[in-house]
1. How big is the accessible area of F443 in square angstrom, nearest 10, if you roll a 1.4 angstrom probe over the protein chains?
2. Rolling a 1.4 Å sphere over the protein heavy atoms, what is the accessible area per residue of segment 173-236, to the nearest Å²?
3. Please give, to one decimal in nm, the separation of the simple spin-label points placed at N36 and T121, each 7 Å out from Cα toward the Cβ.
4. Give a residue-ordered list of calculated ³J(HN,Hα) values for segment 260-269 (Karplus: 6.51 cos²θ - 1.76 cosθ + 1.60, θ = phi - 60°; whole Hz; x for Gly, Pro).
5. Give me a comma-separated list of calculated 3J(HN,Hα) values for segment 183-189, in order, Karplus coefficients 6.51, -1.76, 1.60 applied at θ = phi - 60°, integers in Hz, x for any Gly or Pro.
6. Per residue, how much accessible area does segment 346-459 have with a 1.4 Å probe, in Å²?
7. Rounded to whole Å and ordered largest first, report the semi-axes of the equivalent ellipsoid of segment 168-222 derived from its Cα gyration tensor (root of 5λ).
8. Sequence-distant or interchain residues sharing an amide H contact under 5 Å with L181, placed H: which?
Amino acid sequence: IAVNQTLASIWQCKKMLKIVSSLSVSPLALGLYTVNAVYGDTITMPCRLEVPDGLMFGKWKYEMPNGSPVFIAFRSSTKKNVQYDDVPDYKDRLSLSENYTLSIKNARISDEKRFVCMLVTEDDVSEEPTIVKVFKQPSQPEILHQADFLETEKLQMLGECVTRDSYPEGNVTWYKNGRVLQPVEEVVVINLQKIVDKSTGLFTMTSSLQYVPTKEDANAKFSCIVTYYGPSGQKTIQSKPVVFDVHYPTEKVTIQVLSQSSTVKEGDNITLKCSGNGNPPPQEFLFYIPGETEGIRSSDTYIMTDVRRNATGEYKCSLTDKSMMDSTTITVHYLDLQLTPSGEVTKQIGEALPVSCTISSSRNATVFWIKDNTRMQTSPSFSSLQYQDAGNYICETTLQEVEGLKKRKTLKLIVEGKPQIKMTKKTNTNKMSKTIVCHVEGFPKPAVQWTVTGSGSIINKAKETKYVNGKFSSKIVIAPEENVTLTCIAENQLERTVTSLNVSAISIPEYDEPEDRNDDNSEKVNDQAKLIVGIVVGLLLAALVAGVVYWLYVKKSKTASKHVDKDLGNIEENKKLEENNHKSET
């Protein structure tokens, strides 16, 4: 106690000297040492004095606001013992090392003082002050009490930016999309409030923002930043950005056609959607349909099912107060097909049959014909019906630009005809048999029966070719020992036709037109017939030329003998007689 009283007296004397010296020396010239400490950490203050000879003890104190000293730690240089004064704020927090470095655990704001290290000898007391500064980083700022939504052209509270437990006090700045929001009268109003906790000395800062939003503030990001000082200088902490729902009135109405394809055809469903660009968007609209004088009140969608071609026209929608309107034109595409005749039609061979396929459509349509699953190059036309004209005909039309719009109708044409028969015969190359052929035409397919005239016996060994285009052949092979007459009978629902043919005995050769015909393809037969006719005409022309040459030769050979002429005449006469006999037999 006596030592403290003595030191206090010395303190007062030195204080007076410092007051006098401060009149001519600035505080910076005193070379004060500052220790920056983080709140809650340990404060370490070395004694920056050289230990003098004859040191008795070292002591630490701090100054009260009124300048009076408070001693807190003592260490003897001889006994090596340490004593801590009974100061409640520093109980169990102090530590004084052998080199007189003072450590204070769990730094507080109240530790921000002027501490003094004192080294005492018998003759002198040396002192060295140290300034302690304590810093506390604030919490990350939060935007609290946020507005549920913002309305344009109206000043309203956006929210409050709050940051806590800061020391020293910081500053709060508002940002929009990364740019500083500067106060603007009646548009941007910012108020900052700072509150200190008396128990801890820490600051809580609250900055409120009143703001007049615009339509462009939709999706804008608002944030706030607190600027504070730490041991190493100025720093900042940013809040999480906040996006507000900005309400603004509708300025434009738009109508749309919702469809799975870009075009509409008869039978489709049409969904009209009307929308406004306000926020929140309008929930009800008036829809104006072609043919309706009054608007139809509905939600933002209006559905029409199974539309017809008369639904083509202009469609409109507006707000319920009719203040804004938009329109669109819808074309309902259609395709009609009329086939005359259609269905199943039965005609007789040789008759005429006019066929027409009439198209009515919203756009130019593509028409094509199909016969028996094969696409035709031209439309069918029947001036004289043939058996090959029979079949299943399809007239089909499509609109290329309209997906799924296709129509088709069918004509099943049946060409009927009474049986027609032509019989041929020839001797086979082996000279042992003859082939008799009955060529038959008719529809429905005639049934063929062979009989032998006279005996009336029926021949059941006939072979038939394939029935194509109303034609086929029935063939028998016989070896008659005498002349016979064969009868071919062809019968269908229309008529019974009978034709007979005389056939000579096997010993007498038969000559008839070739049987080389293909009933499976009549067009090929016609082509072959044309070829044969051409060959025959060519041979006749060659024979005519040879005859002329021969005549000229004979004319020049008048010196030939009459006997020879007579013999040649006889031979030529015999040859002509033989040819006449053969023709008679045929």
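1. For F443, the solvent-accessible surface is approximately 70 Å².
2. Ligands and nucleic acids excluded, the figure is 58 Å² per residue.
3. Calculated label separation equals 3.7 nm.
4. Values, residue by residue: 6, 10, 7, 10, 10, 10, 4, x, 6, 9 Hz.
5. Taking θ as phi minus 60°, the curve returns x, 9, 4, 6, 10, 10, 10 Hz for segment 183-189.
6. Result: 54 Å² per residue.
7. Semi-axis lengths for segment 168-222 are 29, 12, 9 Å.
8. Here the answer is W174, Y175, K176, since their amide H atoms fall under 5 Å of that of L181.
The values are calculated or read from the model by the stated rules, or taken from the named source; none is laboratory data. Quick caveat, the model's predicted, so the values are computed rather than measured. We place every Cβ from the backbone using ideal geometry, glycine too, and count neighbours over all the protein chains shown. In case anyone asks, the SASA skips ligands and DNA or RNA and just uses the protein heavy atoms, side chains included. Shrake-Rupley method; radii C 1.70, N 1.55, O 1.52, S 1.80 Å.
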